[in-house]
Structure formats: structure tokens, C-alpha cells
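The values are calculated or read from the model by the stated rules, or taken from the named source; none is laboratory data. Predicted, not measured: the structure shown is a model, and the values here were computed from it. All Cβ positions, glycine included, derive from the backbone under ideal geometry; neighbour counts span all protein chains shown.
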Amino acid sequence: MVDLLQIHEPGETPLPHADDASVAIGIDLGTTNSVVAISTDGKTQVLRDDDGQALVPSVVAYAPDGSAVVGALAKRLLLDRPDCVVSSVKRLMGRGVGDLKALAGTLPFEVEPPKEGSEGGMVRLRVAGHSLTPVQVSAEILTALKERAEEQLGQKVEKAVVTVPAYFDDAARTATRDAARLAGLEVLRLVNEPTAAALAYGLDKGAEGLYAVYDLGGGTFDISILRMEKGVFQVLATGGDAALGGDDFDHAVAEHFLGQRAKRLGARAITPSEAKMALMTARLAKECLSRQTEGEWVLDVDERQTGHRIDRATFEDLITPLVERTTDICRAVMDDAGVGPADVRGVVLVGGSTRVPMVRRRVAELFDARPLSDIDPDEVVACGAALQAEALTVGSDTLLLDVTPLSLGIETMGGMVEKIIPRNTPIPVAKAQDFTTYQDGQGAMSIHVLQGEREMADQCRSLAKFVLTGIPPMTAGAARIRVSFAVDADGLLTVSAREETTGVEQKVEVKPSYGLTEEEMGEMLYDSLRNAQADMDRRLLAEARVEANRALNAVVSALNIDGDLLDDGERAQVERVMAAVRDAVAGEDRDIINAAAEDLEKATREFAERRMDRGISAALAGQSVDGLVDDDEPAGNAATEPEKQDH
Ligand code: ADP
Ligand code: MG
């Protein structure tokens, strides 16, 4: 209930729900980036860090002691210490070791070989000498988002709506929910990403009809066709490509750069550091070319520099085949659903890669409509989640019904599947169907719960198996066994089987066999609570160290390139401060480390200004790399700088 009078100091706005312990946040837990938002009275607000960044890179770096660093800091470590860093863990959510073959070669980290006899166990990652489940890694990301929210809102946050891709199966949804629990968050609801994006645009309050959500992220492409009817979003069809996204744009541009470089330096093998640098620079160039029509970047590796001018038209040529692939998939998905572009009322753009003007143009052409893009495409999903979180706590008119993403059924004789709840059924839902025995005197019946659209059991995902025992001896076909499926509002399934004449019943809550057991979950929760404060301190210390080391490295490389800008006295001064930073980093005091890093920043400010003034391409190369590494406005001025110098 809303207070009639809210009194606060003039000019001071009260924090949202500051007095309400039940504040709930919305989380977009992305493959590349994650975002947290909150909604107050139907107005959403994305929670940013001190630098105004909304995106938290979904990257976790682990220290030997098990402490973790999340986000931009962890991403910086990807270059130097890839063995300690996990990215794109979302691809493994809910996956069992049996799924690994299909993923082989597409994963940017090391997966543990399955242990003898652990058939069907959960995938585990090897990171910095630790063995971790994807659930634990995701929990670190969720913890970081929760902490960001608590810091910004000045209160504890214990509830969240978390989004998942529409195609996520039960196992992946359960894994996501487990990760949230591990992070100390109660998941009010898991909402499909496209549905959340549609909510953010208020499409649930608009005209009924079909909507398309085109989501092009870092490594994945998803297209969803939603039908809005009586306030219910139904996912009519989904499709996509789990290995197509902005990263592929980066590769196309990087190859272009390396091709030019090879021509100029003479053909020879590309070194790993060249490849890495080309990829980073390509990504910068790509993102700049969304705003400006041309620019120039320098590859400065292995002591050879090459300048690469690229304009938007060239970039568009490079990515045309990739963008066409997305529109082809859109057409195929619409065909499957029996709808045409003309039936679609509106298209929502989601994902950082939809900032590319050509992508927008192609989508507009395909649907013959201007796509909805007023809300930042990488924040829109989190905003929708926040609206739903508010609706589920304080209440609002954005109450959403979700649907089952895939059909649910059981295996029948001969390995066939009998679907009990078809896909796209609004949830919560309960349905039952009667089955009978196959043999005379059959005393038990094995129930194998499956999820998927295929007809044969071995082509669907196995969710659970259990046995109904105590069926009284009867002739084949006489027993009546009622199998009931219930899916709750989060898409989680409970299955029960009951013999109707005797009333014997068996019930299972479907926890996929490769999910965490209650026991494992309990243990992890216990550990994480016990260690919460220590973990927090370790995390802050680790962050301070990473940040200080990064600053040191930046100064070292600046001195290598432009050391002549300092006279001997100045240089000695800078080196004194650098030594102090090194000492601080070796110590255990976070405040001292931070202070030393700040001193270094001050001591090198003048030097940095001189480097800027010099305005040479060598500085440009340094800058573009820094821009990427810093993850903020990527070296916008580097691209417009007309000066180019041949070495
Ligand atoms: P995900 O949903 O996979 O977590 P995001 O929606 O955050 O990913 O998208 C990340 C991708 O968006 C990256 O490939 C990034 O380079 C790309 N991107 C971000 N900003 C821009 C931009 N201005 N122009 C082009 N691509 C961009
Ligand atoms: Mg996304």
C-alpha cells in the first residue's frame, strides 16, 4: 500500500521503496553482458556503476584462493590470464556432460573430462585450479549484480526477476534459478528475454497481435515471434543461431585488417598476439562505425605498426553475409509459424549488435516497419524484467503470463513420446492423461519424463525417471494410471502418477539429473553464507589489486612508447610512485593500494596530456587498446584523427 503522505527534505528524492524490505530487481543475465534494473511506479531505472556503465561483462576471474572478480575487471584479465577467467558460461547452463560433444570447440574455457561413472553429471569447468559448475560461475555474476543494486539503493535486495532465452529448457531454467539462490536471491519468476523486451515497450498494453523480437548479442542470435492476446504473451515461434553474433563481426573486420597487414609487411604467419590485437581493434572499429562513417586504427604489435582506414561501406560489405543469415533465419521462423512479415505489428530490437545501422536497416526492410529501438537495446531486457519484478511485489497492471517453451510428455511403449502439455501453453498449468499397463499382472510402471518436440524419446531431453510401484495385479490394459503434469509460474514441472483403483501414488518434482542435488545446493549455500563477509573483503582486495596492476601496466607501456616526453627528474618521480604501487599491491591493505593507484594517476596526468598533444599514430594505437580495455567510450577520437604516420 502506498503511503498517503510522503515527507522528505526538499530537493531530496527518496530512494525507491527505501522503507520496503521487499524491493525486487530485474536481471538480464546475458551471455556477454548482464544488466540490473529496478522499476518504481512503472518507471524503470538501470543501475549503473560510478562511471555510468550499465553493462556488467558476464566474465568471472578466479584467484587461486577461490575468490572471484566479476565484470569489466575480470574481462581485462582475459588477455593476460585466460586460464583464470570464465566467459560465456551461459552456454553451459543446464548442460550435462553428455551435451559436451555437441559444444566441443565452441567453448572459450576448459571443461573437465567427465569422471569415470559420472554419466549424466553436470558439466564442470577447470579454472585457476578450481573445479566449478556453471551454476557457481553464474552465481558470482548474480552476486555482483545484487551488490550493485544494494549499493545503489542503500538497502538489502533479496528478490529478483531473471530473464532467460525463450528456448531455454527446464534444465537450463533450473540451473539459472539455482544460481540465483546461491547468490542469495529469491527468483520471483523467470521471464523469457523477448517477452521482457516486449514488456519494456509496453506492448502488453497496446494492440493485440503479433510482434517480433530480434536479438543480436555478442555470440548469439535469437528471433522470437510473440503473440499478444488478452494481456498474455505467447511465444509463437523462436529460432536463431547459438554461434552468430557481434563477435563474428569482429572476426570479419579483424581478418580484413590482418589481410591488409600481411600485404604491407609481406606474407608470413600471423602471430597469436597479432590475432588478439586485431580482434580487439576490430571490435573498437566496429563499435565506432555505428556512430561515425569512417575511421582509422593502428595495429601496433610485434614492433611493427600498420594503419588501417575503414569506412562504413567496407564494414557493411564485410558483415553482409552474417546479417543476411539473420534475416534468412527470421524468414524461416516466420514460415514455420505460418505468418508473414506483413502480419507482424512491430519489431523490437534487442542486443548490442543491433546498434549497427545496417542491421537496423535490414530488419526494417524485412518487416517493412521501423523497428522499436528507443530503449537502449542492451538495457531493454533488464527493464522488462524490472517491470515484472515490480508487478510481482508491489503490484501493477503489467502482470504477465508466460508459456512453456517446449512440450512436456512421457515415454510410451516403443520409445514413443506422448505429449501431455504442448509447448506454448500459458503457465501455470496442470494437465493429466490416463495410461494403462502393457502386460498381465504388471506391478510397476516406469515413468520417463521428457521435454521436446520430437516424436521419439531418444530425440527429446530426458528430465526425470521414476517408477510407480504397487499396481495390483490386473490383466493388461485394465489398470488406469493417471499421470498429471503441473508447471508452476516459473516453468518448473512436477509430475505425479496415480493408480486410480487403489490410489497408490508417486510424485516427483522434476529436477534434472544433471542439476545440483538439494544437498550440494545446501552445502554451497551454507558455505557462501558463512564466508560472505570474508568473500566480500577478498573480492574488494582482489579488485583493488587488479585495478592497480592495470594502471601500472598502462604506465609501463606508455613509458616504453613515449618515455622521451619526460625529463630525467620527472621520470624518476614517476618511477618512485610506481614502486610505491608495487609495494602496496604486495600488501594486504585495500585502502593503501587504492591510494597508491590514485597517486600514480596524479603523478602521470601531465605525462598523459603531453602524449595526447603529440597526437601521433603510435599514441593512437595505444589509445585504441586502452579504450577497449577500459570498456568506456572506445577511443572515439582515435578514429577521427586524420594524422597517419608510416614507420
Ligand atoms: P549478450 O546478450 O550476448 O550478453 P549484448 O546484447 O550485450 O550481448 O551485446 C554484445 C555485443 O554488442 C558485442 O558484440 C558488442 O561488440 C556489440 N556492441 C555493443 N555496442 C555496439 C555498437 N555501438 N556497435 C556495434 N556493436 C556493438
Ligand atoms: Mg542479451
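Checking the structure you have, find out if any residue of segment 385-408 is assigned to a loop (DSSP other than H, G, I, E, B), at pLDDT 95 or above and over 30 Å from Leu463 (Cβ atoms). Full working, then the answer.
Filtering segment 385-408 for residues assigned to a loop (DSSP other than H, G, I, E, B) gives 394-401, 404-407.
The next check asks that each one be at pLDDT 95 or above; those that pass are none.
No, segment 385-408 contains no residue that is assigned to a loop (DSSP other than H, G, I, E, B), at pLDDT 95 or above and over 30 Å from Leu463 (Cβ atoms).
Do we find a residue being assigned by TED's automatic domain parsing to the domain that holds Thr220, in contact with a helix residue (DSSP H, G or I) (Cβ under 6 Å, 6 or more places away or on another chain) and free of Cβ contacts under 8 Å to residues at least 60 places away in the same chain anywhere in segment 46-57?
Checking segment 46-57: not a single residue is assigned by TED's automatic domain parsing to the domain that holds Thr220, in contact with a helix residue (DSSP H, G or I) (Cβ under 6 Å, 6 or more places away or on another chain) and free of Cβ contacts under 8 Å to residues at least 60 places away in the same chain.
For the structure I just gave you, tell me whether Thr40 is touching a His at 6+ places or on another chain (Cβ under 9 Å) and at pLDDT 90 or above.
Details: touching a His at 6+ places or on another chain (Cβ under 9 Å): yes; at pLDDT 90 or above: yes.
When the stated conditions are applied, Thr40 passes them.
Which is within 16 Å of ligand 1 (Cβ to nearest atom) and either at pLDDT 95 or above or not in a helix (DSSP H, G or I) (or both), of Leu142, Leu188? Outline the logic, then answer.
On the way: Leu188 fails: within 16 Å of ligand 1 (Cβ to nearest atom).
From the options Leu142, Leu188, the qualifying one is Leu142.
Report whether or not Ala269 is surrounded by fewer than 16 Cβ atoms within 10 Å (Cβ to Cβ), within 21 Å of the chain's Cα centre (by Cα) and outside any helix (DSSP H, G or I).
On the way: surrounded by fewer than 16 Cβ atoms within 10 Å (Cβ to Cβ): yes; within 21 Å of the chain's Cα centre (by Cα): no; outside any helix (DSSP H, G or I): yes.
The answer is no for Ala269.
So which residues in segment 348-357 are within 10 Å of ligand 1 (Cβ to nearest atom) and of a type in the set (A, V, I, L, M, F, W, C)?
Our first condition is that a residue be within 10 Å of ligand 1 (Cβ to nearest atom); within segment 348-357, this holds for 350-357.
Residues satisfying the conditions are Val350, Val356.
Picking from Tyr201, Tyr214, which residue would you name as being away from ligand 1 (no atom under 16 Å from the Cβ) and touching a residue at least 24 places away in the same chain (Cβ under 8 Å)?
On the way: Tyr214 fails: away from ligand 1 (no atom under 16 Å from the Cβ).
Going through Tyr201, Tyr214 in turn, just one is away from ligand 1 (no atom under 16 Å from the Cβ) and touching a residue at least 24 places away in the same chain (Cβ under 8 Å): Tyr201.
Hey, does segment 469-480 have a residue that's outside the structural domain of Val191 (by TED's automatic domain parsing) and within 23 Å of Ala171 (Cα to Cα)? Walk me through it before giving the result.
Residues of segment 469-480 that are outside the structural domain of Val191 (by TED's automatic domain parsing), as a first pass: 469-480.
Then drop every residue that is not within 23 Å of Ala171 (Cα to Cα), which leaves none.
No, every residue in segment 469-480 fails to be outside the structural domain of Val191 (by TED's automatic domain parsing) and within 23 Å of Ala171 (Cα to Cα).
Determine if segment 212-226 includes at least one residue that is away from ligand 2 (no atom under 14 Å from the Cβ), at pLDDT 90 or above and surrounded by fewer than 23 Cβ atoms within 10 Å (Cβ to Cβ).
So far as segment 212-226 goes, no, none of its residues is away from ligand 2 (no atom under 14 Å from the Cβ), at pLDDT 90 or above and surrounded by fewer than 23 Cβ atoms within 10 Å (Cβ to Cβ).
Matching residues to (1) surrounded by fewer than 24 Cβ atoms within 10 Å (Cβ to Cβ); (2) among the hydroxyl-bearing types (Ser, Thr, Tyr); (3) under 18 Å from the mean Cα position of the chain (by Cα):
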site: Ser353; (1), (2), (3): no, yes, yes
site: Pro371; (1), (2), (3): yes, no, no
site: Gly384; (1), (2), (3): no, no, yes
site: Ala391; (1), (2), (3): yes, no, no
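Counting only residues that are outside any helix (DSSP H, G or I), under 29 Å from Ile561 (Cβ atoms) and not acidic (Asp, Glu), how many does segment 295-338 have?
Here is the first cut: in segment 295-338, the ones outside any helix (DSSP H, G or I) are 295-311, 338.
Now restrict to residues that are under 29 Å from Ile561 (Cβ atoms): 295-311.
Among the residues that remain, those that are also not acidic (Asp, Glu) are: 295, 297-299, 301, 304-310.
Selection size over segment 295-338: 12.
So is Ala342 in a helix (DSSP H, G or I) and over 19 Å from Thr220 (Cβ atoms) or not? Break it down into steps so the answer makes sense when it comes.
Values: in a helix (DSSP H, G or I): yes; over 19 Å from Thr220 (Cβ atoms): yes.
Considered against the rule, which asks whether it is in a helix (DSSP H, G or I) and over 19 Å from Thr220 (Cβ atoms), Ala342 comes out as yes.
Out of segment 150-171, which residues are surrounded by fewer than 24 Cβ atoms within 10 Å (Cβ to Cβ), in contact (Cβ under 8 Å) with a residue 60 or more places away in the chain and part of a helix (DSSP H, G or I)?
Correct list: Gln152, Leu153.
Could you check segment 357-391 and list, in sequence order, the residues that are over 20 Å from Ile225 (Cβ atoms) and either among the basic types (Lys, Arg) or out of contact with any helix residue (DSSP H, G or I) (no Cβ under 7 Å at 6 or more places or on another chain) (or both)?
If the condition is that a residue be over 20 Å from Ile225 (Cβ atoms) and either among the basic types (Lys, Arg) or out of contact with any helix residue (DSSP H, G or I) (no Cβ under 7 Å at 6 or more places or on another chain) (or both), then Pro357, Arg361, Asp374, Asp376, Glu379, Ala382, Ala386, Ala389, Glu390, Ala391 are the ones that fit.
Is there any pair with a first residue in segment 280-291 that is farther than 12 Å from His308 by Cβ and a second that is acidic (Asp, Glu) whose Cβ atoms are under 7 Å apart and which are 6 or more apart or on different chains, and what are they?
Hits for this filter: Arg283/Asp250; Lys286/Asp250.
Which one of Gly26, Gly11, Gly52, Gly66 is assigned to a loop (DSSP other than H, G, I, E, B) and at pLDDT 90 or above? Spell out how you get there, then give the answer.
Details: Gly26 fails: assigned to a loop (DSSP other than H, G, I, E, B); Gly11 fails: at pLDDT 90 or above; Gly66 fails: at pLDDT 90 or above.
Only one candidate qualifies: Gly52.
How many of the residues making up segment 227-253 are crowded, with 24+ Cβ neighbours inside 10 Å, more than 16 Å from ligand 2 (Cβ to nearest atom) and either assigned to a helix (DSSP H, G or I) or free of Cβ contacts under 8 Å to residues at least 40 places away in the same chain (or both)?
The number of residues fulfilling the criteria is 1.
If I filter segment 351-362 down to residues being within 16 Å of ligand 2 (Cβ to nearest atom) and in a helix (DSSP H, G or I), which single residue comes out as nearest to Gly206 (Cα to Cα)? Quick ask: steps written out before the conclusion?
As a first pass, look at segment 351-362 and keep what is within 16 Å of ligand 2 (Cβ to nearest atom): 351-356, 359.
Still in the running and in a helix (DSSP H, G or I): 352-355, 359.
Working: Gly352: 25, Ser353: 27, Thr354: 24, Arg355: 25, Val359: 26 Å.
Top of the filtered list is Thr354.
Starting from residues that are among the hydroxyl-bearing types (Ser, Thr, Tyr) and surrounded by 16 or more Cβ atoms within 10 Å (Cβ to Cβ), keep the ones in segment 292-327 and report whichever is modelled with the lowest pLDDT. Break it down into steps so the answer makes sense when it comes.
Narrowing segment 292-327 to residues among the hydroxyl-bearing types (Ser, Thr, Tyr): 293, 306, 314, 320, 326-327.
Restricting the remaining residues to those that are surrounded by 16 or more Cβ atoms within 10 Å (Cβ to Cβ) gives 306, 326-327.
Values: Thr306: 93, Thr326: 97, Thr327: 97.
Looking at the filtered set, the residue picked out is Thr306.
Every residue in segment 216-226 that is part of a loop (DSSP other than H, G, I, E, B) and touching a strand residue (DSSP E or B) at 6+ places or on another chain (Cβ under 9 Å), please. Break it down stepwise before answering.
Of segment 216-226, the ones part of a loop (DSSP other than H, G, I, E, B) are 217-220.
If the condition is that a residue be part of a loop (DSSP other than H, G, I, E, B) and touching a strand residue (DSSP E or B) at 6+ places or on another chain (Cβ under 9 Å), then Gly217, Gly218, Thr220 are the ones that fit.
Matching residues to (1) touching a residue at least 24 places away in the same chain (Cβ under 8 Å); (2) among the charged types (D, E, K, R); (3) away from ligand 2 (no atom under 16 Å from the Cβ):
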residue	(1), (2), (3)
His308	yes, no, yes
Thr327	yes, no, yes
Val333	yes, no, yes
Asp343	yes, yes, yes
Leu349	yes, no, no
Ile375	yes, no, no
Val381	yes, no, no
